[in-house]
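Take a look at the structure set out below.
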Amino acid sequence: MVPKLHPQWEALDFAALFASDAAFVNTDSQNSILSSEGVLTHEKIWEGAREQGGSFNNIMRLATECRVSAMPFMWLRYDRFIGDKEPTTVMDAVQYRHWNASYEGDTDKKAWEADLVDEVKNFMVEDDLTLVYPGWSIFAGTPVDRWLKQRGARTLVLSGYHTDWCIEMAARSARDLGYMPVVVGDACGSTSPLHEDSLAQVNDCYAPVISTDVAIAAIREGRERTKRAMNDA
């Protein structure tokens, strides 16, 4: 469930935010989370995700609308196995070793875990950017900030997994870097109650949290305003 918009965000004009300088940013729509064969199958985030109203169904609805508005697209992926090969600290090493102690996949299976699901790969176009980010934040150790600046993006339409890790961290980091993140809450997913708690925390502190339906309506209204302005010019 998407929390009620915090009063601090009520004065925002979402149609205006989405009408220009906006980018679609999605985290971790990948096999490890969205496949029953993925390493995180026990979290059961994949169950119902593709059904009407499910998190991934909403991601693709949102992506379709953002595509109509010709937003730049970024599909980011997390590889939990990087730490196996390149631990940065002792803390990294012990954490990754604990996570992966019982994993029996080979190199090809590990690469599959971090790959985007087929629905996203079939949706992508040549200009969409995808990369693996190595830390908790999509901005740490990646060219994400530079890529967004090169495309003139200020508003980030955020969706993906996990709500309590990568989405919340992305919203926090984005605000610190001068972006205006908007989290589309029902186009995100995690385990309960972490999903709900994280959306509430983000909404209270870092960024507005809205539903897919509200986001789509605002994106469409932004396009209509742009058309009217062009016709009146």
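The numbers here are math on the coordinates, done by the rules we state, and not lab data. No experiment lies behind these values; they were computed from the predicted model shown. Counting neighbours? That spans all protein chains shown, and the Cβs are built from the backbone with ideal geometry, glycine included.
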Checklist line | Within the stretch 64-82, considering residues that are in contact (Cβ under 8 Å) with a residue 40 or more places away in the chain and in a loop (DSSP other than H, G, I, E, B), the one nearest to GLN95 (Cα to Cα) | finding: ARG80
Next item on the list: Those residues that are aliphatic (A, V, I, L, M) and assigned to a loop (DSSP other than H, G, I, E, B), I need them from the stretch 205-225; list them, please.
Entry: ALA207
Item checked: Candidates VAL182, VAL157, VAL132 - the one that is part of a strand (DSSP E or B), surrounded by fewer than 17 Cβ atoms within 10 Å (Cβ to Cβ) and not polar (S, T, N, Q) -> VAL132
Notebook entry, point to check: Taking into account only those residues within the stretch 185-194 that are touching a residue at least 12 places away in the same chain (Cβ under 8 Å) and surrounded by fewer than 22 Cβ atoms within 10 Å (Cβ to Cβ), which is farthest from GLU43 (Cα to Cα)?
Noted result: LEU194
Item checked: Tally, over the stretch 105-128, of residues that are out of contact with any helix residue (DSSP H, G or I) (no Cβ under 7 Å at 6 or more places or on another chain) and part of a helix (DSSP H, G or I) -> 9
